[in-house]
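Everything below concerns the one structure shown next.
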Amino acid sequence: MSDDRGELQPPSRHGTTWRESEYRVLADDLRAGAELARTARTVGRTESAVRAALRNFVPPEERVPAAERERWIRGRLVAEPEWDWWAVVVDQHRRSRSGLWFTRHEHCARIGWRRRTPMTALAQELGTSELSAAELLRSLGLVNSIEEAADQLGATPGLALAKRVAARRDDAVGARWILVIDGAAGTTRPRQAPVRRQVSLHESRAAAEAERDRVLAWHARVGMGEPQQPVWWTIAERGLGATTGPTRCGTFDPAAPFGGPVRAEALTVGDVIRVAVSDGGFLQDRITAITQRGPGAPIVVDLAPVANSRVRRVVEFTPGEMVDVVRGLAEHAS
């Protein structure tokens, strides 16, 4: 229903050291004539970052203006298939003393993560700092944050990784999560605003995501008959007085079927859910009522009557529990 994997702002690998595999994707796309914007989406970086990386394809003895780099590189890759562009990239990183991860480093990091190698040992194997090792794990998509890497593999007290994690957690104590959704049906349009917008404040990321899922689920039900326009969502963490912080964003995907795992907080009357029962089977039925006594309290879901009788099935979920939604109200009614 929403693109929640790679559309990050900043992108998923923003600020991380470039990897050999990313350069090889870039070279293949340049040779094939693909747009740099597509490459940026593939590698999880901004288009400007991808354009900046083009300078590493140009040998020092060449005098190629920045505006001509893309055309020059594409032409040489096609005209000279044997050109060792990777040696040029490595040499340019060496000259600029900027970081570069080789394929062997990626393999080492993946194996270390799979084996849960302690961070101290993993950093030694990679020949780098614990902080850089954690950032590599994040750039490979093995963890969502350096905090997760430190939680799983540890961090040596007093070193940069431990200090960074401690500082971020201190900042997060008083932080709040801000949800902004633009263009969704059922939301209001502020005066003089170009689109409808919902802004809400939440105490946790999970709560913000649950509200996002609820709004987008409702949009999927009632907004499909409206003129097509993009629906954007943004979830930003901000501490007291902070103007920057972790920010995630994405778009509503009208082509994606409404269904799949949904937080209990985002369930809506009319959803058809599938719940495992004690005998090893599954119970599947339509939600007719939802009640919750207060924030954090269990969510009680009433399902359709049993065989048209007055007996109702009642299921209780914790707020963050994932529930399998088979289909939504619009599909059920059809």
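The table below lists the values:
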quantity: Some residue of segment 38-48 being over 30 Å from VAL325 (Cβ atoms), aliphatic (A, V, I, L, M) and modelled with pLDDT of 90 or more; calculated: no
quantity: Hits in segment 45-74 (condition: of a type outside the set (Val, Ile, Thr), open to solvent by less than 40 Å² (accessible area, probe 1.4 Å) and out of contact with any Leu (no Cβ under 7 Å at 6 or more places or on another chain)); calculated: ARG45, ALA49, ALA52, LEU54, ASN56, PHE57, PRO59
quantity: So ARG31, is it assigned to a helix (DSSP H, G or I), out of contact with any Phe, Trp or Tyr (no Cβ under 8 Å at 6 or more places or on another chain), of a type in the set (Lys, Arg) and open to solvent by 70 Å² or more (accessible area, probe 1.4 Å); calculated: yes
quantity: Residues located in segment 97-119, provided they are surrounded by 15 or more Cβ atoms within 10 Å (Cβ to Cβ) and in a helix (DSSP H, G or I); calculated: HIS105, GLU106, CYS108, ALA109, GLY112, TRP113, MET119
quantity: Test: residue in segment 99-117 that is in contact (Cβ under 8 Å) with a residue 12 or more places away in the chain, closer than 30 Å to LEU30 by Cα and of a type in the set (S, T, N, Q); calculated: yes
quantity: Filter result for VAL78 (surrounded by 13 or more Cβ atoms within 10 Å (Cβ to Cβ), in a helix (DSSP H, G or I) and aliphatic (A, V, I, L, M)); calculated: yes
quantity: Counted residues, segment 181-204 - those being surrounded by fewer than 16 Cβ atoms within 10 Å (Cβ to Cβ) and modelled with pLDDT of 80 or more; calculated: 5
quantity: Identity of the residue in segment 120-143, more than 23 Å from the chain's Cα centre (by Cα) and closer than 22 Å to VAL43 by Cβ, that ends up most open to solvent (accessible area, probe 1.4 Å); calculated: THR128
quantity: Residue ID - farthest from the chain's Cα centre (by Cα), chosen from residues in segment 45-65 that are over 18 Å from ARG31 (Cα atoms) and in contact (Cβ under 8 Å) with a residue 12 or more places away in the chain; calculated: PRO60
quantity: Within segment 218-334, strands (runs of 3 or more DSSP E) holding 3 or more residues that are among the hydroxyl-bearing types (Ser, Thr, Tyr) and modelled with pLDDT of 70 or more; calculated: none
quantity: Residue selected from segment 106-125 under the condition in contact with a helix residue (DSSP H, G or I) (Cβ under 7 Å, 6 or more places away or on another chain) and charged (D, E, K, R), by the criterion nearest to LEU153 (Cα to Cα); calculated: ARG116
quantity: For ARG164: the one exception among (1) modelled with pLDDT of 85 or more; (2) assigned to a loop (DSSP other than H, G, I, E, B); calculated: (2)
quantity: Test for ALA133: is it assigned to a helix (DSSP H, G or I) and touching a residue at least 24 places away in the same chain (Cβ under 8 Å); calculated: yes
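The values are calculated or read from the model by the stated rules, or taken from the named source; none is laboratory data. Values in this document were obtained by computation on a predicted structure and should not be read as measured data. Virtual Cβ from ideal backbone geometry, glycine too; neighbours counted across all protein chains shown. Only protein heavy atoms, including side chains, enter the accessible area calculation; ligands, DNA and RNA are left aside. Shrake-Rupley method; radii C 1.70, N 1.55, O 1.52, S 1.80 Å.
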